[in-house]
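Remarks on the structure that follows.
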2 protein chains.
Amino acid sequence: GGQGLPYSLGIAITEAISSANSGWGMYAGLTLGAIEAIEAHGTEQQKKTFLSKMIPGLWTGTMCLTEAHCGSDLGMIRTKAEPNDAGSYQISGSKIFISAGDHDLTDNIIHLVLARLPGAPEGTRGISLFIVPKFKIDENGEAAEANGVSCGSIEHKMGINGSSTCVINFDNAEGFLIGPENRGLNCMFTMMNQARLGTATQGLAIGEASYQGALAYAKDRIQGRSLTGAKTPEKAADAIIVHPDVRRMLLSMKALTEGNRALTYYTATLVDIVHRSKDETARQQAELELSFLTPICKAFFTEAGSEITNLGVQVLGGHGYIKEWGMEQLIRDCRITQIYEGTNGIQALDLLARKVLANQGISLNLVIDKISGDLEKLPEEFESKKILLQSALKDWGDMALSIGKKSQTNLDEIGAASFDFLMYSGYICCAWQWVKIATVASEKLKANDDAKNSDGFYQSKLQTFNFYFERLLPRIQSHKSSVDSGAENLMNMDEVFF
Amino acid sequence: GGQGLPYSLGIAITEAISSANSGWGMYAGLTLGAIEAIEAHGTEQQKKTFLSKMIPGLWTGTMCLTEAHCGSDLGMIRTKAEPNDAGSYQISGSKIFISAGDHDLTDNIIHLVLARLPGAPEGTRGISLFIVPKFKIDENGEAAEANGVSCGSIEHKMGINGSSTCVINFDNAEGFLIGPENRGLNCMFTMMNQARLGTATQGLAIGEASYQGALAYAKDRIQGRSLTGAKTPEKAADAIIVHPDVRRMLLSMKALTEGNRALTYYTATLVDIVHRSKDETARQQAELELSFLTPICKAFFTEAGSEITNLGVQVLGGHGYIKEWGMEQLIRDCRITQIYEGTNGIQALDLLARKVLANQGISLNLVIDKISGDLEKLPEEFESKKILLQSALKDWGDMALSIGKKSQTNLDEIGAASFDFLMYSGYICCAWQWVKIATVASEKLKANDDAKNSDGFYQSKLQTFNFYFERLLPRIQSHKSSVDSGAENLMNMDEVFF
C-alpha cells in the first residue's frame, strides 16, 4: 500500500529522477497517474486487483488518450467499447504517443483508455474510461494470457528516447469500465491535473541538470581573459565564468530554477492540503489556489526549461552541440514538456478562461492577496523591489479585468491574450517565491546563527533574488504590451495572407 | 571563373539551399569562404592552382580553426608549421569541429589551417594561415598522392547531420603559407565576416522552412472549434489556424522571417557596394554599416531562428516532436547557428566593444540617421509607430553612451550589457525593415496598379508590420531594463555562490 508519504515529499524524488533521466522516469510517472485514477474512480475490486500490483511497482500504467487525428480535441476520439456478456467490454481502436506504452520491465501493463460506448453522445460528453491490461488477470490476480493489446510501433522522437512511446492497437481487448459511463474525460482529468504538475517538475528538473552541467564547464573551461585583467595569470587563460555574459546565462538558469523549485514545493503542499487536511475551508482555498497555479507551473516551468537547456548548450559553445557532452540531449528531452499533458497554449487558455475569468477572478485575487502579504514581510532594504512587484500585481489584476471586459464582445480576446498572460503570471509567481526566499535569507544573515552563512548560501540567495528582479522580471513589460495589444492584430489577417 | 554575379543575388540562393538542407549547404558555403580568403590573400600561383578548381565546385574548402582546448580564444592554438627546404611547410596538429571536413564528393579538399611558425609570438599575433590540400597537387594541377591529412572521427552532433563535421589530423602535411607570417587571424577574418552573414542566412532560412511546415499544418489540421463559433461547421472541427494563439505563433514566425530577410538583402547589397563600387565614400560608408550590421544579423537571426523553429514544433503539437514530420530537425539544425562562426555572445561583444564603443558610435549614428530618414517616409497613418520607433532610436543611442561612460571605470560593463544591447539592436533593425516594407506596401495599395494587390500581398505586409510593432518590438523594453541594470548583478556573485 505504500508508505503514505505526502506528495510534497514525492515531488522532490520526482525532480531528482527527472534530472537523472526524464525519459526513464516516465515509467513510474505514468503509473502514478493511473494509480490515482483507479484510486479515485475504481471499484473496490478494481482497486484490489490493480493497485496491489501497481503501487509496489510490479505493474506499470499508461494513459491512452491521443489518436492520430485528435490530441487537444479529445471529443473526436474513435476508439470503441462494446459491452460483452461477461459484464466487461471489448475495446477496439488505435492510440498514438502512448508513453511507457510497451516494455518488458514488468509482468503487466495497465492501460487506462478513453473510448466510446455504442450510442454515446458526440463530443467530449460521450467518452468513457476503461482499464485495459496488456495481459488478462487470472483467478489468482496474476498476469495470464495476452489481451488484444499490441504495440504497433515505437515512435521516432526528438528526445526522451528512454521512454518507449508507442502506437498501441486495441483489437477486441477486454476492458473494464472505470467511473460512470460517458464521464471518462472527468475521470481522466484526475490523472491529468497531477500529471501536469509532474510535467512542470520535469521542466524544472531538466533545467537543473543543464545548470549543473553548464556551471561545471564554466568553472573548468579556460578561454580568453577577463576584460578587467587576468584572474588566473598563472594559467593560459581564465575560466569562462569570469565573463559577464557567461554569468548572465548561468544566473538566468539559476534564478529561474531556484524560484520555480520553490513554487513547485509550495504547489505540492497545496496538493497535500487538498488531499489530507481536515479543515474544509483550508481544503477549499488550497483547491482554488492549486487549480490556478497548476497551468502556470506546467507552462512556465517548461518554457523556462527550454530557455535554460538552450542556455546550457550555449555556455558550452561548440561542445554543447556534441552529443557526448550530454547537454544537447537536455534540450531535446525538455522540448516535449511544452507539448504533452496539454500544450502550453492549452494551459494558457485553461488559466485565463477557466481559472481567472470563469471564476470572476476569485483565485487570482486570492493569490494576489497572498503575494501582497508576503511582500509586507520583505525587509525594508528591498523597498524598491517591493514597489515594483506591487505595481506588477496591480497590472495583473487590471489586465484580467480588461480582458474579461473585451471578451464580452469578442471571445477571441481570451485566446489572443492567453499565452502572454500566462507568461506574465509565471514571472510574477516566480518573483513571489524569490520574495519569500529573500525574506528568510535576510533574517538568517542578520541572526548569523546558521552554519550555512559561512559558505555563502544565504548571500547567494539574496544576490540571485536581486538578479531575478533586475534582469528577468522586467520581461513582464513586453508580455503586458502583447496582452494589451488585443486580438485584432491576430484575427484581422485573412487565412490566405499568411 | 564564375559569372561574377553580385553577392546580393547569391545570398538568395544560399537561403533557398539552407531552407532545403542547411547541413548539405555547408559544403558549398565553406568552399565560398575559402575561395574568398585565397582571392584576397593568395599569390597568383595559389589562385591559379586552387581557385580554378574551387570556383567551378570541383574541389571544396574548409576552415580549420578550432582545437579541442580552444575555440573562441584562438590565441591558444597549438598546431605547428615547420618550414621545409622546398619553400613550403610541414603542418602538424589536430583540429576539431571541421565542417565539410572530409567526404568523397570531390577529388580534393582544400583546408585553410591556422598554425604557429617556430618562434612565433604567443597569442593571436603569432598565428599564420596555410593552405593544406587533402591530396597533393601534381604538375598538371590535379589531385595526386595523399597528403598527411586524415579524418580522426566524425563528430556526433545534435543536428546538421548532412554535414560531415570532422576531427582532422595533420601529420607532417604539406602546406603553403597564405598572406604574411603571423597575420593568419586577419586573413581568416576575411572568411569569417562573410561566413557570419552566411550563418545569419542559415538562421533565416531554417526559420522559413519551419514557417512553411507550420503554416501548412495549421491550415490542414482540424482540432477544436473557434471560440467565436464554428468556422467550418461541415467538418468535425475547425482548422487550428482559427485559434488566436496559433496565429500568434505563425505571425511571430512570419514577422521575424520577413523582416530579417529584408535586412539580409540590404546587408548583402552593402557587401556588393564594398566590393564593387567605384565611389570611395560610398564604399567607406557601406563598410562602416556592414561591419556594424554583420554581428547583429548573425546573432539576431539565429536567436530568432531558434524561437521560430521552436514555435514551428509547437504549432504541430505532439506531431512536431516526431521525426517523420521534419519539424524537430529544424530546431536541431538551427541550434548550431547560435554557436558557430563566433558564438552570439562573441558577436554581442564585437558589436558593442568594437563596432559601437571603439569607433565612438560613428556606425551606430550612421544607422540611426538612415532609420530616421526612412521613418520620415512612412505614411502619416502610422504616426504612432513612427513615434514609438523614434523614441526607441533615442534610447538606443543613449544606452550606448551610458555603457561607454560606465565602461571607463569598469570594462565588465561592456560584457554585462552586450547581449541585451545586441538583441535590442536586432529588434530595431528588423523594425527598420518593416518601416520600409510598410512604406512601399502603402504606396502600392494607394496606387492600386499592381497585380499583387488582388491576392492580398501588400495588405498582408501592412498587417504583419502592425503585428511586429504591437507584439514583438515591445520586447526591447526588457532588453533595455537588463542593459540599464549594469554589471553589478552579474559580477558581485562569488564563484562559489553559483
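The values are calculated or read from the model by the stated rules, or taken from the named source; none is laboratory data. What you see is a predicted model; the values in this text were computed from it and never measured. For neighbour counting, all protein chains shown are included, and Cβ atoms are generated from backbone atoms with ideal geometry for every residue, glycine included. Ligands, DNA and RNA are stripped out before the accessible areas are found, and what is left, the full protein with its side chains, is counted by its heavy atoms. Shrake-Rupley method; radii C 1.70, N 1.55, O 1.52, S 1.80 Å.
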Next item on the list: Divide the volume of the convex hull of the Cα atoms of the stretch B:210-277 by its number of residues and quote the answer in cubic angstrom per residue.
Entry: 88
Check: What is the minimum Cβ-to-axis distance for chain A, in whole Å, where the axis maps A onto B, and to which residue does it belong?
Finding: A:Gln477, 2
Margin query: I'm checking a number: the convex hull volume of the Cα atoms of the stretch B:120-242, normalised per residue, in Å³. What is it?
Written below: 221
Notebook entry, point to check: At what distance in angstrom do the alpha carbon centres of the stretch A:258-321 and the stretch B:398-470 lie from each other?
Noted result: 35
Item checked: Paired Rg and Dmax values of the stretch B:171-264, which use every Cα atom, in angstrom -> 23.7, 74
Margin query: Per DSSP helix of 4 or more residues, -39500 (n - 2.57); summed, then divided by the residues of chain B. What does that give at 222 nm, rounded to the nearest 500?
Written below: -18000 deg cm²/dmol
Next item on the list: May I ask you to give the average projected area over all directions of the convex hull of the Cα atoms of the stretch A:443-498, in nm² rounded to one decimal?
Entry: 6.5
Item checked: Estimated distance in nm for a label pair at A:Glu145 and B:Asn84, the labels positioned 7 Å out from Cα along Cα-to-Cβ -> 7.8
Checklist line | Other-copy label distances relative to A:Tyr265, 7 angstrom Cα-Cβ extension, nm | finding: 5.6
Note to self: If you scale each eigenvalue of the Cα gyration tensor by 5 and take the root, what three semi-axes come out for the stretch B:427-471, rounded to whole angstrom and sorted largest first?
What the structure shows: 21, 10, 7
Check: How big is the C-alpha Rg of the stretch A:319-452 next to the rule-of-thumb value 2.2 N^0.38 Å, as a ratio?
Finding: 1.36
Margin query: Could you report the accessible area of A:Thr190 in Å², rounded to 10, computed with a 1.4 Å probe on the protein chains as they sit in the structure?
Written below: 40
Margin query: Counting only other residues whose beta carbon sits under 15 Å from that of B:Met158, what net charge do I get with K and R as +1, D and E as -1?
Written below: +2
Checklist line | the stretch A:391-484 - Kirkwood radius from inverse mean 1/r over Cα pairs (Å) | finding: 15.1
Margin query: Over the Cα atoms of the stretch A:252-353, each weighted equally, I'd like the Debye log10 I(q)/I(0) at q = 0.11, 0.20 Å⁻¹, rounded to two decimals.
Written below: -0.44, -1.00
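Hydropathy at least 0.5 by Kyte-Doolittle, axial extent at least 24 angstrom from the Cα trace: which helices of chain B, defined as entire DSSP H runs, fit?
Working: long enough: B:7-41 (32 Å, 0.60); B:184-220 (53 Å, 0.08); B:244-276 (47 Å, -0.06); B:280-316 (51 Å, 0.21); B:383-407 (36 Å, -0.35); B:412-447 (53 Å, 0.42).
Membrane-span-like by this criterion, though nothing is claimed about a membrane: B:7-41.
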Item checked: Listed residues B:Met423, B:Asn466, B:Ala447: farthest to the positive end of the dipole of the stretch B:390-498 (Cβ charges) -> B:Ala447
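Too long at a 32 Å Cα-Cα cut-off: which of A:Lys298/A:Lys405; A:Lys231/B:Lys405; A:Lys157/B:Lys298; B:Lys231/B:Lys480; A:Lys95/A:Lys298; A:Lys480/B:Lys254?
In this structure, B:Lys231/B:Lys480 exceed 32 Å between Cα atoms.
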Check: Where in the stretch A:77-108 is the amide nitrogen less than 16 Å from a point lying 7 Å along the Cα-to-Cβ axis of A:Thr43?
Finding: A:83-90
Notebook entry, point to check: Comparing the chain by itself with all protein chains present, which residues of the stretch B:387-418 are at least 20 Å² less accessible (probe 1.4 Å)?
Noted result: B:Leu411, B:Asp412, B:Gly415
Note to self: Counting pairwise Cα distances across chain B, what percent come out greater than 33 angstrom?
What the structure shows: 45
Note to self: Using the Cα centre of the protein assembly as shown as origin and beta-carbon charges of +1 (Lys, Arg) and -1 (Asp, Glu), tell me which of B:Ser18, A:Ala218, B:Val496 is placed farthest towards the positive end of the dipole.
What the structure shows: B:Val496
Checklist line | Equivalent ellipsoid semi-axes - Cα gyration tensor, the stretch A:1-124, angstrom | finding: 28, 19, 13
Notebook entry, point to check: How far apart, in nm, are the 7 Å Cα→Cβ label points at A:Gln3 and B:Asp449?
Noted result: 8.2
Check: With every protein chain present, what accessible area does B:His41 have (1.4 Å probe, heavy atoms only), rounded to the nearest 10 Å²?
Finding: 60
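What translational D, rounded to a whole number of µm²/s, comes out for the stretch B:117-191 from Stokes-Einstein when the hydrodynamic radius is the Kirkwood one over Cα pairs, at 4 °C and 1.567 mPa s?
Here the translational diffusion coefficient equals 89 µm²/s.
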Next item on the list: Calculate the all-directions average of the projected area of the stretch A:256-297's alpha-carbon convex hull, and give it in nm².
Entry: 2.7
Check: Summed for both chains, how many Å² of accessible area, to the nearest 100, are buried between B and A with a 1.4 Å probe?
Finding: 8100
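Of the accessible area of the protein assembly as shown, with the probe set at 1.4 angstrom, what percent is carbon plus sulfur?
About 53 percent, which is the carbon plus sulfur part of the accessible surface.
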Item checked: Pairs of alpha carbons in the stretch A:350-406 whose separation is greater than 13 Å (percent) -> 62
Item checked: Probe 1.4 Å - accessible area at B:Met327, Å² to nearest ten -> 10
Next item on the list: For the stretch A:52-180, divide the Cα radius of gyration by the Kirkwood radius and give the resulting Rg/Rh value with two decimals.
Entry: 0.96
Next item on the list: Would you work out the charge dipole size for the stretch A:340-498 about its Cα centre, treating the Cβ of every Lys and Arg as +1 and the Cβ of every Asp and Glu as -1, and quote it to the nearest 20 debye?
Entry: 380
Check: Say a label goes 7 Å from Cα toward Cβ at A:Asn169 in every copy; what distances in nm does this one have to the rest, shortest first?
Finding: 5.0
Margin query: Under a Cβ-only charge scheme (Lys and Arg +1, Asp and Glu -1), can you give me the dipole magnitude of chain A about the Cα centre, in debye to the nearest 20?
Written below: 1060
Margin query: Using only the alpha-carbon atoms of the protein assembly as shown as identical scatterers, what base-10 log of I(q)/I(0) does the Debye formula give at q = 0.06, 0.08, 0.10 Å⁻¹?
Written below: -0.47, -0.83, -1.25
Checklist line | Rounded to whole Å, sorted largest first: equivalent-ellipsoid semi-axes of the stretch A:273-315, Cα gyration tensor | finding: 35, 9, 5
Item checked: P(r) histogram, all alpha-carbon pairs of the stretch A:40-105 included - 10 Å bins from 0, percent -> 17, 35, 41, 7
Check: What does the accessible area per residue of the stretch A:238-317 come to in Å², with a 1.4 Å probe and no ligands, DNA or RNA counted?
Finding: 27
Next item on the list: Count charges around A:Ile17 for me, please; just the other residues with Cβ under 14 Å from its Cβ, Lys/Arg as +1, Asp/Glu as -1.
Entry: -3
Next item on the list: Can you tell me the dipole magnitude for the stretch A:143-266 around its Cα centre, using point charges on the Cβ only (Lys, Arg +1; Asp, Glu -1), in Debye to the nearest 20?
Entry: 900
